[in-house]
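Below is one structure; the comments refer to it alone.
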There are 4 protein chains.
Amino acid sequence: MTTFSPIDLTQPKFAACPDAKFVPAPADGVLPDGFFSTTNLPTFVRVNGQWIAPREPRMDSALVLDRDGVVWVREGRRLKKGDMVAVGEKEDGADGIYVQTQLVPHGVDPDAFTFMSSEVSREKPIDYAHMARILIEEKERGGYPVWVTGPALVHSRARADMSWFIMNGYVGALLAGNAVAVHDIEASIYGTTLGMTNTGEITQGGHGLHMRAINRVRAAGSIANAVEQGIITDGIMYSCVKKSVPFVLTGSIRDDGPLPDVITDALAAQDAMRAHTKRATFAIMIATALHAIATGNMLPAFVQQDDGQMRELPTICVDSSEFVVSKLKDRGTHQAFGVVTNAQDFMHILRLYVERELQSRAAMARNTPKDTKAATTR
Amino acid sequence: MTTFSPIDLTQPKFAACPDAKFVPAPADGVLPDGFFSTTNLPTFVRVNGQWIAPREPRMDSALVLDRDGVVWVREGRRLKKGDMVAVGEKEDGADGIYVQTQLVPHGVDPDAFTFMSSEVSREKPIDYAHMARILIEEKERGGYPVWVTGPALVHSRARADMSWFIMNGYVGALLAGNAVAVHDIEASIYGTTLGMTNTGEITQGGHGLHMRAINRVRAAGSIANAVEQGIITDGIMYSCVKKSVPFVLTGSIRDDGPLPDVITDALAAQDAMRAHTKRATFAIMIATALHAIATGNMLPAFVQQDDGQMRELPTICVDSSEFVVSKLKDRGTHQAFGVVTNAQDFMHILRLYVERELQSRAAMARNTPKDTKAATTR
Amino acid sequence: MTTFSPIDLTQPKFAACPDAKFVPAPADGVLPDGFFSTTNLPTFVRVNGQWIAPREPRMDSALVLDRDGVVWVREGRRLKKGDMVAVGEKEDGADGIYVQTQLVPHGVDPDAFTFMSSEVSREKPIDYAHMARILIEEKERGGYPVWVTGPALVHSRARADMSWFIMNGYVGALLAGNAVAVHDIEASIYGTTLGMTNTGEITQGGHGLHMRAINRVRAAGSIANAVEQGIITDGIMYSCVKKSVPFVLTGSIRDDGPLPDVITDALAAQDAMRAHTKRATFAIMIATALHAIATGNMLPAFVQQDDGQMRELPTICVDSSEFVVSKLKDRGTHQAFGVVTNAQDFMHILRLYVERELQSRAAMARNTPKDTKAATTR
Amino acid sequence: MTTFSPIDLTQPKFAACPDAKFVPAPADGVLPDGFFSTTNLPTFVRVNGQWIAPREPRMDSALVLDRDGVVWVREGRRLKKGDMVAVGEKEDGADGIYVQTQLVPHGVDPDAFTFMSSEVSREKPIDYAHMARILIEEKERGGYPVWVTGPALVHSRARADMSWFIMNGYVGALLAGNAVAVHDIEASIYGTTLGMTNTGEITQGGHGLHMRAINRVRAAGSIANAVEQGIITDGIMYSCVKKSVPFVLTGSIRDDGPLPDVITDALAAQDAMRAHTKRATFAIMIATALHAIATGNMLPAFVQQDDGQMRELPTICVDSSEFVVSKLKDRGTHQAFGVVTNAQDFMHILRLYVERELQSRAAMARNTPKDTKAATTR
């Protein structure tokens, strides 16, 4: 258990602090403007030149001075009109109130107490506009965005959206496993994934459809052959073949089949992945723990720019729980930025924001006099 | 442990079954078209009039007959060209292959073995188009859609989307807690939620902003007053006030403040909620366990129609894990349909699909000759 | 949306039903003994020979008959002393109350409405005594229990407990990945896992320790060699080597090293795993999605007994969320029984229950006269 | 995106650094002892007095110097015997290798790169021995441990274990909701929780049993009355009544009944909780988000000791996912220590460790000569 001393308030720097200012509550249960909002940390209030510790500390409350000179921590709803309430925002003594932050992890400055300080949380907003801009800029400057995806991506809308990103030049390379390609191809041939339709219904005999899809590609000899022969007519693998986007399909012990393109030796597969990760300028990992961590292991945290500067290698990790992102960080990929959502929803909204950003840029370009255009390009 | 007998294959109904048909593999590692894809269940194959059990059973494999008349379960990749492989899709003996389904929960018919049979899973596609149509139809027929929401909804985009649904007539009543209103109002006044901006950044002194927001509404006397006085200028609560959509804010022990409109007695709060649930024709619960289960407890599973028929009361439950939906079902709300995703993404896409459906209906209406229009309305 | 008709209560079988019996509430807010507890399903109550539908349906409430002959669904707390409350437990009409179960999945009998019907839930009790008995009986009859484990198992206590199961004859074969062996060996050599001590603290330079552990085994040539040379002196791999329990370590793209014993080709690895799964009489999968699903894919759902009977192959899947078990079932391993808990806690308690059961059997054996002993063995 | 400059290696402090030392690999795929294990961060190696950046950076690999003076980051398995490999552990230049840590959150020192740095993770070991010691010491010094529990605790073993803690003096006060008491009392009267038995089976008519349990206590007038009248004969509430351990049952909108002791007004309930939290010297929150966060809101982060020192208020939060603990921290309870496991397993093992610690202390006391005993007590 951590034990620590109260801050030494006899230090010279505290001598200059004013007394805390108290203002009457304007009505029952209503605090005065600018009231000091408490934390759960050790707090000291200067009253008549003395620093005193308020009684019954808790967060989200007010500091109330009673007639005996005692300061209490009180919920706003419990105040009566006229109760004297401390006002101030500073927690460093400048307003006569000092908050001691030893107990806050990495709490060295007086504003260390915050809400929402966790690194990954489903409760944080997702900034799709920012991700869309990064993606567009990567494309514009000829970056090498590496996409790493799991099979949850291969439902109807997400599959269409992923194909769109491939077709439109946002994918440098695709790293995935046998299952992504199998379900994508099952969807192209039979309209199902694991025997389940677009709308989530189970089809009769459906449990064998992915095996039939695999068998047809094995008969064709490769995914590219199956595309050429018209067996595979849309989807993720189709788009990769058509746009010559390189893909690495790595094998695992879970695989059915596998498809002929799958690299079944884990070490050969790592080498094939690394040929892409070492060129990566952006990484996006969606709905896969195995492939995300494998890629994280071999990905530098930074990109060396031509100008000698370095920049963080943007690494986005999308999963339906916080766990995968934490796991990735716990294995050293500290730069990973976590997005906690459903893979198909993520893909749909990200595409939407990319399309909106492009439209807005196009609109801006149309409205910009010709001779100034060059300057607006970044 | 469940023990059971092999099916009695001397029963008369099996006498009529044909021998299984075996076809040679066309190439190494390639199965013939129409191959039988195995399950992990007890299986019997009729060979020369005898029902025999294949050796080394597993799923996702083929049935191979060797020269000694033994049938093996083999992964397709292990076959050699010419190996004799059973073909057929029926599992009831009609193709000479019988699969015994005792071990499958509710497995009474011969097609009981399926994949993706779980009730709620993040791996299932989300049918936004279907939900959008239900919502539009509820509005058209004057239904009473009850929305039940948790505070994760109150991030920038989701807040705007929720306001849109209120403003456009898709919300009969809103059931929520103090926190939803507090964060919504914090966002309207200060642009933050729990001191965090739209893009997820922490603001200095931010931990007190929700307390300041509460205090301003307490000073105004009610949310409606705060809207009228121009303190609250947009968002969910603003839209409810402006469109006279009833809301019930129920208190809990977690509440800061609370806001003046909050019903702090749990029993009075239940009665206020039930006044709406008993009129409900549709329920949608987003990112809240407490309020979803409370509402589920008091919601009938059905709606009595004017024509004497009954219909299921559509109940959608959105959460970032399967757990809340399972919990809701485990407490008797069996009709709940689970959507496993992030609340803000759900709202954004649902709105998009409603807008698209409306546009498509408008387009259809324009293209329909006037005198046939009535008939197209449903 | 599901639409359905009210049950036809003019059917002859309902003619024999009695009127529902109503009994006065003994005090305000208190129901009479034997009160009928409502569900959320369509319900009909026989009053004066007429079947009527109670108003304002909800679950967990009572049926109250008012003076006008109307039946209301009312929360118990809202009753006044003397209010007439329906009593009865049957939902099939025998007590004058009929509940219609169309809306309950698989709801064919009149008692279909239940709580806690989900297949896997952290809210369900874990029957360690039952699992301990199965494990002991497997050992006694010479079964072949296959253990499939993920790296979360390799923390101090769980590692010791797993070693105990191996040393004491409860493990037929161990199926795992490179990481389980790496962390186990890191713990034996350096006392850490991923650079973290037994008590969860980070050690300086710790991020390289697993690499050093791997390198030492690579230098030794194999895990068995490293045990013989005294490099590895305790733990899971040590116990396997010492007790000649076969293990299969399969490679993946996430692997560091790998250790020399790892089978890096996924197809060779599947074949090595299947050599054990085809002999399995019991399977226990702990804290691994990849290996659990891979094993589930190749595991029959049943065991063929020598007496011609079949029995379910007991398959236990332990994970800290419901997701892995649902995923396993969704991929066809319907027999999997899910335990939602932390791997190290599971191991600790399971061992404790096995030890207790053995002590209790030993005590019973001591107290049984010699000549009857044979009969008590099962 | 974060952009930053490479460290200025012309700074005087780097002038004193030696060249990195390279040692030949002893065999193919085997690294020399003391090899430097890479991170994913910008790294510089001093070769012939020049700092150079190794090519193809990734973590968990070695630094290999080729014949042209180029340094490569290479997986150990790819080395040939005799390849020259950098040795060293320091990342601050002292071994001729410098790692730049800007990209690591809070990365100010040269050993900033670590694994397992997340605050809460199911992958971290749980130190039950430490928690047991804290609990025993709290009892010995007359502390006030506050237990906050959710209904998942009320399964057979956990219920017995919780009762044991109450009966043996480890509980200062119990804060919970209606459901904890309802299921505990249902278990005492009917042997079920939500109609489910100890072993997880559903009983017929079981969905009404919790309503019957509530009704019996309502008829008795209070939980204490029901204990006195012999209606409740064991369990958590029984133990509280028998040992006069104060409990606060707070109401929520989810409640059935509620029980007569439940405080249904949220504000009165907060005040009742705070009467205990302000005395708390230890807090343990098990399987409840609502009550944990409510308690966290009103709990100081510290305890003021009699000697003037302060100490952290130990706050343990047990849940089956990381989410609740992160949420608690995100709302300001930074001191919370998360344990990710199943509530019933947690209780069982914690009790076991407390019992073991007591036995070990008793054994030590017996073995200590009488006249030195006083000194060993702390």
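The table for this structure:
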| quantity | calculated |
| --- | --- |
| Euclidean distance between Cα centres, segment C:261-314 to segment A:137-160, Å | 35 |
| Solvent accessible area, Å² - B:GLU312, 1.4 Å probe, full protein context | 40 |
| 222 nm mean residue ellipticity, helices alone, for chain C (DSSP H n ≥ 4; -39,500 (n - 2.57); rounded to 500) | -10000 deg cm²/dmol |
| Placed amide H near A:PHE247: partners under 5 Å, 5+ positions off or other chain | A:LEU174 |
| Length gained when the stretch D:ASN48-D:ALA94 is fully extended (0.36 nm per residue, less Cα-Cα span) | 15.0 nm |
| Values of log10 I(q)/I(0), in the order q = 0.11 Å⁻¹, for segment A:118-246 under a Debye, Cα-only, solvent-free model | -0.44 |
| Chain A: most fluctuating residue of A:PHE22, A:PHE247, A:PHE282 per GNM, C-alpha cutoff 10 Å | A:PHE22 |
| Ratio of the Cα radius of gyration of the protein assembly as shown to 2.2 N^0.38 Å, where N counts its residues | 0.94 |
| Accessible surface, 1.4 Å probe, highest first, among residues C:ARG279, B:ARG133 | C:ARG279, B:ARG133 |
| Heavy atoms of C:ARG55: accessible area, 1.4 Å probe, square angstrom to 10 | 120 |
| Antiparallel %, DSSP beta bridges [both residues in the protein assembly as shown], to 5 | 55 |
| Rounded to whole Hz, the Karplus (6.51, -1.76, 1.60) HN-Hα couplings of segment D:349-361, x for glycine and proline | 6, 4, 4, 4, 6, 5, 4, 4, 4, 5, 4, 5, 5 |
| Highest-fluctuation residue, C:GLN359, C:GLN100, C:GLN204 considered, GNM on chain C with Cα pairs under 10 Å | C:GLN100 |
| Rounded, prolate or oblate (a/c below 1.5 giving rounded, otherwise prolate when a/b exceeds b/c) for segment D:330-369 by Cα gyration tensor | oblate |
| Extension reserve of the A:ALA27-A:LYS278 stretch, reckoned as 0.36 nm per residue once the Cα distance is removed | 83.9 nm |
| D:ALA289 long-range amide H proximity, modeled H, under 5 Å | none |
| For A:SER252, residues with placed amide H under 5 Å, excluding near neighbours | A:ASN178 |
| Accessible area, probe 1.4 Å, largest first, for residues A:TRP164, D:TRP147 | A:TRP164, D:TRP147 |
| Contact order relative to length of chain C, as percent, for alpha carbon pairs under 8 angstrom and 6 or more apart | 14 |
| Phi-based couplings in Hz for segment B:246-254 (Karplus 6.51, -1.76, 1.60; Gly and Pro marked x) | x, 10, 10, 9, 9, x, 8, 5, 7 |
| Accessible area (Å², 1.4 Å probe, nearest 10) - A:LYS139 | 100 |
| Over segment D:1-70: Kirkwood hydrodynamic radius from C-alpha pairwise inverse distances, Å | 13.8 |
| Efficiency of FRET from Cβ geometry, C:ASP307 and B:ARG78, R₀ 25 Å, rounded to 0.05 | 0.20 |
| C:VAL248, D:VAL23, ranked by accessible area, largest first (probe 1.4 Å) | D:VAL23, C:VAL248 |
| Whole-number accessible area per residue in Å² for the protein assembly as shown, which is evaluated in the context of all protein chains at 1.4 Å | 36 |
| Percent antiparallel among DSSP beta bridges (both partners in chain A, rounded to 5) | 50 |
| Solvent-accessible area, 1.4 Å probe, carbon plus sulfur percent, for the protein assembly as shown | 50 |
| Karplus-derived HN-Hα couplings along segment C:173-188 (A = 6.51, B = -1.76, C = 1.60, θ = phi - 60°), whole Hz, x at Gly and Pro | 8, 10, 10, 7, x, 3, 5, 4, 5, 4, 5, 4, 6, 4, 5, 5 |
| Exercise: per-residue mean of other protein chain Cβ atoms within 10 Å, D:288-300 | 5 |
| Nearby lysines by direct alpha-carbon distance to D:LYS124 (threshold 21 angstrom, same-chain neighbours under 8 apart not counted) | A:LYS327, A:LYS329, D:LYS327, D:LYS329 |
| Gaussian network model of chain D, Cα within-10 Å springs - most flexible of D:ASP319, D:ASP60, D:ASP345 | D:ASP60 |
| Average other protein chain Cβ within 10 Å of Cβ, residues B:49-62 | 4 |
| Number of partner chain Cβ atoms within 10 Å, mean per residue of A:182-191 | 0 |
| Enclosed volume per residue, in Å³, of the convex hull spanned by Cα atoms of chain B | 249 |
| Cross-link reach list, lysines versus D:LYS13, counting only Cα pairs under 21 Å and skipping chain neighbours closer than eight places | D:LYS21, D:LYS90 |
| Buried accessible area, chains A and B (both chains, 1.4 Å probe, Å² to nearest 100) | 5400 |
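The values are calculated or read from the model by the stated rules, or taken from the named source; none is laboratory data. Quick caveat: nothing in here was measured; it's all calculated off a predicted structure. All Cβ positions, even for glycine, are placed from backbone atoms using ideal geometry, and neighbour counts span all protein chains on display. Heavy atoms of the whole protein, side chains included, go into the accessibility calculation; ligands, DNA and RNA do not. Shrake-Rupley method; radii C 1.70, N 1.55, O 1.52, S 1.80 Å.
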